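One structure is given below, encoded as structure tokens.
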Amino acid sequence: MFLGIDIGTSSSKATVADELGTLVATATRPHTTASPRPGWFEHDAEETWWRDLVALTREVLATVPASAIRAVCVSGIGPCALVADEQGWPLRAAILYGIDSRAEREIEELTDALGAETVIRRTGNRLTTQAVGPKLLWIARHEPGVWARARRWYCASNWLVGRLTGEYVIDHYSGSTSDPLYDLGARDWWPDAWDACAATLDRPRLAWPGDIVGEVHTAAAETTGLRAGTPVLAGTIDAMAEAYSAGCRDVGDTMVMYGSTLFFIQTVAQPVAHDGLWAGSGRAPGTYSVAAGMSSAGLLIDWFAGLAHEEVDALALEAAAVPAGSDGLVVLPYFAGERTPIFDPRARGCCIGLTLRHGPAHLFRSALEGVAMGIRHNFEAMGEAGATPARLVAVGGGTRGGLWTRITSDVTGLPQDLPTETIGAAYGDARMAADAMGIDTSGWNPVADRVEPDPAHAPLYDQLYGVYRRSYVALRDDLHLLSQLSGG
Amino acid sequence: MAGELVLGIDLGTTALKAGLFDLAGTQVALAQFEYPIQRPWPDQAEQDPAAWLAAFDRALSTFGGDVAAIGICSQANTHVFVDAEGAPLRPAILWQDQRCGGSSLVARAEWVLREEPDVWQATRWVLSPKDFVTSRLCALAEPVTDALMSFDLVDASGAYDAELVASVEGLAERLPRIERFDVAIGEYANAAVVNGTMDAWGNVYGSSVVEHGDAMDVAGTSEILGLLSRNAFPVQGVVTFVPVDGLHLHAGPTQAGGAALAWFASVAGRSIPDVLAAAASGSFGPIFLPHLLGERAPLWDADARGAFIGLSSDHSLPELSRAVLEGVAYSARHLLEELEHAAGVEAETLNASGGGSQSDLWCQIKADVLARPIARVAVRHSGCLGAALMAATGAGLVPSVREAARDAVRIERVFEPRDDRAPYDELYAAYRELYRALQPTHAILAGLRRQAVPTS
């Protein structure tokens with residue numbers, strides 16, 4: 001059997017699966033994210049990550065004997081900026097991924113120092129709050145005492161791998177999303193970038209997420225209950241593990257995760273260069289990835305239900321009866337700014353085309369349609385980069401009820417596969433562990449259902465999509481002004 | 001003389017409002033009687049003239065017979081076609097009706113001549129609602145109208161524009177003669193009945209808008225703004241009336257005022273008082289364009305649509321509620337600016353009446369957005385009071401309607417613009433810009449609507 005563990009933003013999860021992919025045990029542990037100041041988000045590595053791993057492992061080992069666990073794989077939130085000494089002991093709390101926006105100044109400085117075009121050419125990405133380098137620079141500048149002792153940098157999964165095995169190693173996908181440290185074309189570290197923001201740190205060894213990089217050492221075995229010597233994989237960032245859990249294996253397979261935000265990741269054969277998307281390495285050797293993310297999705301659904309003073313499920317039922325196109329309403333879903341493909345943190349939401357005839361169900365449906373338009377916009381950006389999604393796999397809480405996925409398929413004209421299991425990244429970890437031990441996992445998590453687009457709605461949605469795209473361009477300056485007037 | 005009571009009637013689109021006043025302008029009683037609108041086709045709107053008479057009868061029986069004079073002001077651009085006996089030949093065509101594009105009497109007459117020639121043949125008079133009602137009440141042999149109600153048919157002297165009237169064959173002889181709006185034209189149950197005029201003029205006198213530079217905001221289902229001036233520099237989108245006592249009224253109606261608030265309350269699943277209470281706790285957030293039915297003055301754009309622009313996940317009911325009130329205020333500011341161009345004078349203060357003026361918060365927001373004091377009058381139904389003052393004038397109970405308005409209309413509270421108001425000048429500029437930016441979007445949406453609705 002195979003143990004997968006995933007560290008999320010607000011909880012961690014463990015999954016044990018057998019050789020056929022059947023779930024044998026699961027466990028979940030909630031945790032909190034510290035926000036010491038607005039725009040700062042941190043996890044204490046020892047108190048949150050390690051403690052969760054130990055507790056979850058002990059919980060599943062209560063039902064599964066440690067001797068039955070053939071391999072362990074860990075994934076987690078990322079990219080993070082955790083600095084540690086030469087033994088791997090953390091020197092401060094880990095600074096989390098793109099939600100932490102403390103290093104705005106350093107983003108600009110580092111972009112200027114390395115050259116904006118060079119950064120995109122080397123890493124495939126522009127520097128945003130997601131980037132790791134500016135956060136390291138921030139620590140060096142604001143916490144010189146910490147920085148003087150720092151020798152290593154970690155994300156969540158590879159720090160836990162280090163805790164289990166003693167190895168200082170990171171997977172290519174995590175490395176490639178930790179901008180600007182990784183040279184996507186060379187599939188290796190970019191020395192100039194390390195010199196510019198982390199010259200005094202040692203660089204971790206690079207491995208593929210599915211590689212076995214070490215084994216559980218004696219001390220870790222005593223703490224966790226795992227058998228000493230159990231093989232440990234490199235692991236990766238949660239998004240990649242989640243996509244694999246849902247069955248995204250081949251080039252062109254694209255996961256659409258309907259959460260409070262929306263996330264997409266596609267496996268591609270060549271590095272993707274598009275300044276509206278995130279480029280990265282792939283899960284397996286010889287592959288790359290292109291990812292995208294929208295700032296508001298499920299959040300927006302809840303917001304509209306809150307405005308209408310109704311339950312989401314009840315409103316969704318009414319919205320299903322509203323005609324496609326919501327009788328002429330168009331929503332721009334940029335309620336929290338937007339990430340891909342417009343990278344506009346100062347964008348704001350819009351609800352356009354209102355008349356006296358529109359009621360709460362119209363507005364609710366138009367919000368779903370607005371998010372679906374945003375999905376189509378991201379797919380078009382992928383297409384511009386030569387990476388049109390070949391197969392969509394939908395996961396996440398937003399697939400429940402079916403209305404949202406149906407609207408997405410109608411707006412994009414693309415079918416979506418729904419997998420049998422949607423338990424998340426920890427299951428993908430278990431699957432990678434099984435692969436590493438030579439198991440054929442191609443039968444794991446088969447497709448349970450498929451959402452087909454209704455071609456009858458295509459002409460209308462095509463026109464409304466044109467309105468959607470045009471409206472943002474026409475309103476952009478005013479949206480920026482409004483975000484500035486209301487103080488951010 | 002203080003014991004004399006006069007009745008002022010506002011014959012509106014959805015209801016007849018009747019107010020009983022003493023000569024000091026105090027409201028003694030008020031009643032409202034609703035009647036339906038028939039919509040036989042999506043772009044048509046009609047009303048049964050008999051329903052107006054029935055509502056009038058109920059008003060009078062509610063108040064008893066002790067009335068010295070009656071004044072009626074009514075909806076404009078609504079037309080009744082009657083025979084020689086004064087009986088309606090078809091339902092009245094309402095101002096909202098779009099069957100012939102415009103709502104002018106000429107366009108309506110042309111339509112009836114072409115589409116219903118039998119009706120046109122039998123038509124002796126084409127009347128406004130108040131002309132219809134007064135001629136029936138007083139059993140007039142020949143009905144009477146006034147130049148203000150006929151604003152789009154008269155020349156600068158207030159007489160019918162001969163060339164315009166001649167554009168429809170047989171129209172000239174079907175028009176009633178024009179008299180001043182504040183003269184008595186007959187009697188009903190011992191009460192003098194005055195000519196009356198269009199509803200906006202009832203609001204003018206009921207809001208004490210009587211001098212050069214005086215202005216009003218009637219906050220009803222829509223916002224009606226008016227500004228009085230010695231001068232007239234006609235501006236597209238603004239109605240400039242023939243002068244009364246040497247003063248032109250420059251006026252226009254927006255499309256959605258109170259209607260926008262009522263709509264938002266229903267979308268938010270809350271009551272209007274709840275929305276107003278929420279708005280009081282919100283700071284400014286998104287910008288709301290209130291064009292939920294297109295827009296009338298000053299844009300006159302039927303394809304315009306409403307919008308919330310600049311929404312953030314931090315916003316909730318308070319910010320959106322406030323945005324609705326602010327959006328209506330922006331539309332009022334836009335209209336007022338156009339009125340000021342037409343009038344060549346700035347309004348120092350706006351006298352506010354109507355249902356929307358009952359909200360202190362909304363009055364304050366308007367004062368802040370329009371950057372001038374909002375003076376709320378004591379009698380919210382200013383149209384009824386104005387009609388009553390015309391009645392008193394026509395009955396000889398007061399020397400003139402202007403003087404009566406000056407004396408009888410009391411300001412209840414003045415809302416001054418606050419020093420620490422939100423950055424409304426910038427937000428208003430953004431509001432104007434947003435409408436322009438969205439025009440291509442509105443054109444596409446209008447095209448989609450036309451595709452969706454079969455036109456034949």
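The values are calculated or read from the model by the stated rules, or taken from the named source; none is laboratory data. It should be emphasised that the depicted structure is a prediction, and the values quoted were computed from it without experimental measurement. Here the Cβ positions follow ideal geometry from the backbone for every residue, glycine too, while neighbour counts run over all protein chains shown. Accessible surface is based on the protein model in full, side chains and every heavy atom, while ligands, DNA and RNA are left aside. Shrake-Rupley method; radii C 1.70, N 1.55, O 1.52, S 1.80 Å.
Against the condition of a type in the set (Val, Ile, Thr) and closer than 22 Å to B:TYR188 by Cβ, how does B:ILE72 come out, does it pass?
Working: of a type in the set (Val, Ile, Thr): yes; closer than 22 Å to B:TYR188 by Cβ: yes.
So B:ILE72 fits the description; yes.
Of the residues A:ALA387, A:ALA347, which single one is small (Gly, Ala, Ser), crowded, with 19+ Cβ neighbours inside 10 Å and out of contact with any Ser or Thr (no Cβ under 8 Å at 6 or more places or on another chain)? Don't jump to the end; show me each part of the working.
Numbers: A:ALA347 fails: out of contact with any Ser or Thr (no Cβ under 8 Å at 6 or more places or on another chain).
Sole residue among the options that is small (Gly, Ala, Ser), crowded, with 19+ Cβ neighbours inside 10 Å and out of contact with any Ser or Thr (no Cβ under 8 Å at 6 or more places or on another chain): A:ALA387.
Out of A:ASP435, A:ASP429, A:ASP410, I need the residue that is acidic (Asp, Glu), within 30 Å of B:VAL267 (Cα to Cα) and at pLDDT 95 or above. Which one? Break it down stepwise before answering.
Numbers: A:ASP435 fails: within 30 Å of B:VAL267 (Cα to Cα); A:ASP429 fails: within 30 Å of B:VAL267 (Cα to Cα).
One residue alone meets the criteria, A:ASP410.
Looking for something open to solvent by less than 10 Å² (accessible area, probe 1.4 Å), at pLDDT below 95 and under 20 Å from the mean Cα position of the chain (by Cα) - is there at least one such residue anywhere in the stretch A:299-316?
Within the stretch A:299-316 (the criterion being open to solvent by less than 10 Å² (accessible area, probe 1.4 Å), at pLDDT below 95 and under 20 Å from the mean Cα position of the chain (by Cα)), the answer is yes, since at least one residue qualifies.
So which residues in the stretch B:271-293 are under 18 Å from B:LEU427 (Cβ atoms), modelled with pLDDT under 95 and facing another protein chain (nearest Cβ under 9 Å)? If you could, list the steps in order and put the result at the bottom.
Applying the first criterion (under 18 Å from B:LEU427 (Cβ atoms)) to the stretch B:271-293 yields B:279, B:282-291.
Now narrow it down to the ones that are modelled with pLDDT under 95: B:282-285.
Passing the criteria: B:SER283, B:PHE284, B:GLY285.
Do any strands (runs of 3 or more DSSP E) lying entirely in the stretch B:14-129 carry at least 3 residues that are buried (at least 18 other Cβ atoms within 10 Å of the Cβ), and which ones are they? Can you show your working first?
Details: elements: B:15-22, B:27-34, B:69-74, B:80-82, B:125-127.
Once the strands (runs of 3 or more DSSP E) in the stretch B:14-129 are filtered for at least 3 residues that are buried (at least 18 other Cβ atoms within 10 Å of the Cβ), what remains is B:15-22, B:69-74, B:80-82, B:125-127.
Here's the yes/no breakdown for (1) touching a helix residue (DSSP H, G or I) at 6+ places or on another chain (Cβ under 8 Å); (2) within 30 Å of B:GLY257 (Cα to Cα); (3) within 13 Å of chain B (Cβ to nearest Cβ):
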position	(1), (2), (3)
A:ARG283	yes, no, no
A:ALA321	yes, yes, no
A:ALA324	yes, yes, yes
A:LEU332	yes, yes, yes
A:ILE342	yes, no, no
A:GLY349	yes, yes, yes
A:ALA361	yes, yes, yes
A:LEU368	yes, yes, no
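Given the conditions (1) at negative phi; (2) touching a residue at least 60 places away in the same chain (Cβ under 8 Å); (3) open to solvent by 30 Å² or more (accessible area, probe 1.4 Å), which single one is not true for B:PRO243?
(2)
Quick test for you: out of A:GLY98, A:GLY78, pick the one residue that is buried (at least 21 other Cβ atoms within 10 Å of the Cβ) and at pLDDT below 95. Write out each step before concluding.
Working: A:GLY98 fails: buried (at least 21 other Cβ atoms within 10 Å of the Cβ).
One residue alone meets the criteria, A:GLY78.
Which of the strands (runs of 3 or more DSSP E) contained wholly in the stretch B:170-226 include at least 3 residues that are hydrophobic (A, V, I, L, M, F, W, C)? I'd like the intermediate steps shown before the answer.
Details: elements: B:184-188, B:191-194, B:215-219.
Hits in the stretch B:170-226: B:191-194, B:215-219.
Would you mention how many residues in the stretch A:10-67 are closer than 28 Å to A:TRP89 by Cβ, among the polar types (S, T, N, Q) and surrounded by fewer than 21 Cβ atoms within 10 Å (Cβ to Cβ)? Before the answer, list the steps.
Start the filter on the stretch A:10-67 by keeping residues that are closer than 28 Å to A:TRP89 by Cβ, which leaves A:10-14, A:27-37, A:39-61, A:66.
Right, trim to among the polar types (S, T, N, Q) and you get A:10-12, A:28, A:32-33, A:35, A:48, A:57.
Going one step further and asking which of them are surrounded by fewer than 21 Cβ atoms within 10 Å (Cβ to Cβ), we end up with A:10-11, A:28, A:32-33, A:35.
Residues in the stretch A:10-67 being closer than 28 Å to A:TRP89 by Cβ, among the polar types (S, T, N, Q) and surrounded by fewer than 21 Cβ atoms within 10 Å (Cβ to Cβ): 6 in total.
Of the residues B:LEU397, B:LEU339, B:LEU350, which is surrounded by fewer than 23 Cβ atoms within 10 Å (Cβ to Cβ) and closer than 30 Å to B:LEU16 by Cα? Spell out how you get there, then give the answer.
On the way: B:LEU339 fails: surrounded by fewer than 23 Cβ atoms within 10 Å (Cβ to Cβ); B:LEU350 fails: surrounded by fewer than 23 Cβ atoms within 10 Å (Cβ to Cβ).
None of the other options fit; the residue is B:LEU397.
Of a type outside the set (D, E, K, R) and under 20 Å from A:PHE343 (Cβ atoms): is that true of A:HIS274 in this structure?
In short, yes.
For the stretch B:407-456, name all the residues that are crowded, with 17+ Cβ neighbours inside 10 Å, facing chain A (nearest Cβ under 10 Å) and farther than 21 Å from A:SER326 by Cα.
Passing the criteria: B:ALA422, B:LEU427, B:ALA430, B:TYR431, B:LEU434, B:ALA437.
Considering only residues of the stretch A:412-469 that are acidic (Asp, Glu) and within 30 Å of A:VAL24 (Cβ to Cβ), which is farthest from the other protein chains (Cβ to nearest Cβ)? Spell out the reasoning first.
Going residue by residue through the stretch A:412-469, those that are acidic (Asp, Glu) are A:417, A:421, A:429, A:435, A:440, A:449, A:452, A:454, A:462.
Restricting the remaining residues to those that are within 30 Å of A:VAL24 (Cβ to Cβ) gives A:417, A:421, A:429, A:435, A:440, A:449.
Numbers: A:ASP417: 30, A:GLU421: 31, A:ASP429: 32, A:ASP435: 40, A:ASP440: 45, A:ASP449: 31 Å.
That would be A:ASP440.
Which of the residues that make up the stretch A:165-206 are in contact with a Lys or Arg (Cβ under 8 Å, 6 or more places away or on another chain), part of a strand (DSSP E or B) and open to solvent by less than 10 Å² (accessible area, probe 1.4 Å)?
A:VAL169, A:ILE170
Going residue by residue through the stretch A:405-422, is there one that turns out to be assigned to a loop (DSSP other than H, G, I, E, B) and among the β-branched types (Val, Ile, Thr)? Can you show your working first?
Looking only at the stretch A:405-422, we keep the residues that are assigned to a loop (DSSP other than H, G, I, E, B), and these are A:413-415, A:420-422.
Still in the list and also among the β-branched types (Val, Ile, Thr): A:420, A:422.
Yes: one or more hits.
On the given criteria, is B:ARG296 among the basic types (Lys, Arg) and at the interface with another protein chain (Cβ under 10 Å from one of its Cβ atoms)?
On the way: among the basic types (Lys, Arg): yes; at the interface with another protein chain (Cβ under 10 Å from one of its Cβ atoms): no.
Criteria not met by B:ARG296.
Yes/no per residue for (1) surrounded by fewer than 18 Cβ atoms within 10 Å (Cβ to Cβ); (2) basic (Lys, Arg); (3) assigned by TED's automatic domain parsing to the domain that holds A:VAL330:
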{"position": "A:THR408", "(1), (2), (3)": "no, no, yes"}
{"position": "A:ASP417", "(1), (2), (3)": "no, no, yes"}
{"position": "A:ALA434", "(1), (2), (3)": "no, no, no"}
{"position": "A:TRP444", "(1), (2), (3)": "no, no, no"}
{"position": "A:VAL447", "(1), (2), (3)": "yes, no, no"}
{"position": "A:TYR465", "(1), (2), (3)": "no, no, yes"}
{"position": "A:LEU475", "(1), (2), (3)": "no, no, yes"}
{"position": "A:LEU485", "(1), (2), (3)": "yes, no, yes"}
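Whether any residue in the stretch A:380-401 is within 14 Å of chain B (Cβ to nearest Cβ) and more than 30 Å from A:ASP18 (Cβ to Cβ) is what I want to check. Quick ask: steps written out before the conclusion?
Here is the first cut: in the stretch A:380-401, the ones within 14 Å of chain B (Cβ to nearest Cβ) are none.
No, the conditions are met nowhere in the stretch A:380-401.
Looking only at residues that are open to solvent by 40 Å² or more (accessible area, probe 1.4 Å) and among the small types (Gly, Ala, Ser) in the stretch B:285-316, which one is nearest to the chain's Cα centre (by Cα)?
Looking at residues that are open to solvent by 40 Å² or more (accessible area, probe 1.4 Å) and among the small types (Gly, Ala, Ser), I get B:ALA302.
Can you name every residue in the stretch A:367-386 that is touching a His at 6+ places or on another chain (Cβ under 8 Å) and modelled with pLDDT of 95 or more? Show your work before the answer.
First, the residues of the stretch A:367-386 that are touching a His at 6+ places or on another chain (Cβ under 8 Å): A:381-382, A:384-385.
Within the stretch A:367-386, A:ALA381, A:MET382, A:GLU384 qualify.
Condition first: over 22 Å from A:LEU481 (Cβ atoms) and among the aromatic types (Phe, Trp, Tyr). Now tell me which residues in the stretch B:293-346 satisfy that.
B:TRP300
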